[in-house]
Amino acid sequence: AYDGTFSGNYDPETMAYNMDDLFEELAAVELHHAPGTYYDYSNVGPEIAAYILEQVYERSYREQLKDLLKEVGMQNTYLQDYEKHRDNLVMGYDEEGEPATIDENPLLGGASGIISTLPDLAKFMKYQLESDEPLIEESTKVLFDDEEQDETVGYFWDLGFAEEEGFFYFKSGTSNGTQSIMLICPDSNYGQILIMINTSDEASRDWLSLYGRIEYDLIKYP
């Protein structure tokens, strides 16, 4: 099923995979580290977090997300609503320079599936910098810190502290045809969003180079 999804052959009417299937597969996983002692990024974690939210609040993850988007003012952001907005989706390009397929997520959407606009993402960045909502402080507190692994993470944010920026947190990611990053620096009151619609090695180098130059300019010439 995953191979078909990854190649873009996705049909929500016939895709027989849900959270029950995920938990059934997880039951067969052998752990190699004690919980809380090792960090390794995985898309499974956000899906489990979305499931936990549904159990705690007895509401769907989609409805809870809608409430947050409304609070932030993100009126053009949607969860797994590709077909309705397909004509407005930007085309991404894969490692070979070919048009990339859209990743479809048959689960709750905690790990992937949100579509948005740059103005909406800017609103989210502004919300992170200016809101006094307790959830922001909670989501950016340190949950795991390991100097040997060079990993400091909160609730899916990567955390750090720099001499000029002060405290900062960011999230980067790559999907089919797209590379993106959001950086939030609350101590120095700035942030940036950078999205590139190409996942080739050359584009990755350009993406990281541009990110570094923009950050330097934001620090030196705010």
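Say we look at the stretch 26-55 and pick out the residues that are among the acidic types (Asp, Glu) and either within 15 Å of residue 103 (Cα to Cα) or at pLDDT 95 or above (or both); which of these is least open to solvent (accessible area, probe 1.4 Å)?
Going through the qualifying residues, I end up with 47.
For the stretch 74-90: of the residues being surrounded by 14 or more Cβ atoms within 10 Å (Cβ to Cβ) and aliphatic (A, V, I, L, M), which is nearest to residue 127 (Cα to Cα)?
For the stretch 74-90, the residue satisfying everything is 74.
Name the one entry in 123, 171 that is open to solvent by 50 Å² or more (accessible area, probe 1.4 Å), charged (D, E, K, R), within 19 Å of residue 49 (Cβ to Cβ) and in contact (Cβ under 8 Å) with a residue 12 or more places away in the chain.
171
With respect to the numbered conditions (1) farther than 23 Å from residue 199 by Cβ; (2) open to solvent by less than 80 Å² (accessible area, probe 1.4 Å), which one is the sole condition not fulfilled by residue 71?
With (1) farther than 23 Å from residue 199 by Cβ; (2) open to solvent by less than 80 Å² (accessible area, probe 1.4 Å) applied to residue 71, the lone miss is (2).
Has the stretch 208-215 got at least one residue that is touching a Ser or Thr at 6+ places or on another chain (Cβ under 8 Å), more than 22 Å from residue 41 (Cβ to Cβ) and either of a type in the set (S, T, N, Q) or at pLDDT 95 or above (or both)?
no
Evaluate the following for residue 102: is it within 26 Å of residue 201 (Cβ to Cβ), touching a residue at least 12 places away in the same chain (Cβ under 8 Å) and among the β-branched types (Val, Ile, Thr)?
yes
The values are calculated or read from the model by the stated rules, or taken from the named source; none is laboratory data. Given the structure is predicted, the values throughout are model-derived calculations rather than measurements. Note that we place each Cβ from the backbone using ideal geometry, even for glycine, and neighbour counts take in every protein chain shown. When the accessible area is computed, the model is the full protein with side chains, heavy atoms only, and any ligands, DNA or RNA have been set aside. Shrake-Rupley method; radii C 1.70, N 1.55, O 1.52, S 1.80 Å.
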